[in-house]
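Novice: First the structure, which I've put down as structure tokens, then a few questions once you've had a look.
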Amino acid sequence: MGKSCKFCWGLSAVLIAGLAYGAYKFIVVGSVETGVDGRSVVLLSPDERLKVLGEMRGLLEAVQTITSALVDGDMKTVETTARSVGMAAAEGESPAMMAKLPLEFKTLGLATHKGFDDLADLAAGGAVPMAVLGNLSTLMLNCTSCHQGYQLKATAAAD
Ligand code: HEC
């Protein structure tokens, strides 16, 4: 094996490492920095941040509507409200923004949407309100654990 080939192998190794790092960064890490309070700060464009926060307020409104409907035993409203923030609501997220989100963040976010679909199924399937409330309470551990770990920050308007 000549010197030049060793160089080729070396170069390939560097390229492969670079690609692996790129994939790791793209899929696992996302675009983050560490915040002053120790939470991971996800860096988004101003528009992306506003969109995510808008979705968050939608989740809180859904939780409010669902708890109130559970008290009334109005399982139809529980079902339709939970469905409105289910997986269908997560469709159409931009790939550019998804790439900025750490893997754990995406996983928790999708599990939350999926959890609301399960809640809708439960309500539609004739579960009693207390059972659905218990399910919602568990589902909300996703909200609290994500809020404990993450913060959002808008970067310059250009990206
Ligand atoms: C995958 C992570 C994640 C999940 C799951 C999540 N949130 Fe959030 N939420 C965030 C982040 C990050 C912020 C911004 C916090 C910050 O920048 O300090 C936020 C902000 C919010 C806000 C404030 C919105 C605003 O306008 O400022 C509300 C309300 C909220 N979330 C409700 C919820 C509710 C209710 C759930 C569960 C049903 C939930 N979130 C699930 C990550 C998440």
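Novice: Hey, what angle do you get for helix 3-24 against the long axis of the chain, alpha-carbon based, 0 to 90 degrees rounded to 10?
Specialist: Result, in degrees: 10.
Novice: Return the distance in nm (one decimal) between the two label points of a simple spin-label model at ASP72 and ALA124, each offset 7 Å from Cα along Cα→Cβ.
Specialist: So the two model labels end up 2.1 nm from each other.
Novice: I want to verify a result. In a Gaussian network model of the chain, Cα cutoff 10 Å, which of these has the top mean-square fluctuation: LEU101, LEU11, LEU59?
Specialist: Of the options given, LEU11 has the highest mean-square fluctuation.
Novice: Something else now. What is the distance in Å between the Cα centroid of segment 64-107 and that of segment 23-58?
Specialist: So the two Cα centres are separated by 18 Å.
Novice: Based solely on C-alpha atoms, express the radius of gyration and the Dmax of the chain in angstrom.
Specialist: Rg then Dmax for the chain, in Å: 21.1, 80.
Novice: All other residues with a Cβ under 11 Å from the Cβ of SER84 taken together, and with Lys, Arg as +1 and Asp, Glu as -1, what is their net charge?
Specialist: Neighbourhood net charge equals -2.
Novice: Where does helix 75-84 land angle-wise versus the long Cα axis of the chain, in degrees 0 to 90, nearest 10?
Specialist: The answer is roughly 20 degrees.
Novice: Ok, one more. As I understand it, the value is the acute angle between the Cα axis of helix 46-72 and the longest principal axis of the Cα atoms of the chain; what does it come to in degrees, rounded to 10?
Specialist: Rounded to the nearest ten degrees, it is 30.
Novice: Separate question: Sorting VAL36, VAL71 on the 10 Å Cβ count, fewest up front, what's the list?
Specialist: VAL36, VAL71
Novice: Work out the length of the dipole vector of segment 1-112 about its Cα centre, built from +1 on the beta-carbon of each Lys and Arg and -1 on the beta-carbon of each Asp and Glu, and round it to the nearest 20 debye.
Specialist: For this selection, approximately 760 debye.
Novice: What FRET efficiency comes out for LEU152 versus PHE7 if R0 is 30 angstrom and r is the Cβ-Cβ distance? Round to the nearest 0.05.
Specialist: Result of the calculation: an efficiency of 0.10.
Novice: Three principal axis extents, largest first, for the C-alpha atoms of segment 5-81, in Å?
Specialist: Taking the Cα atoms of segment 5-81, the three principal extents are 75, 30, 23 Å.
Since every read-out is calculated from the coordinates, none of them should be taken as a lab result. The model shown is predicted, which means the values in this text are computed figures rather than measured ones. Note that we place each Cβ from the backbone using ideal geometry, even for glycine, and neighbour counts take in every protein chain shown.
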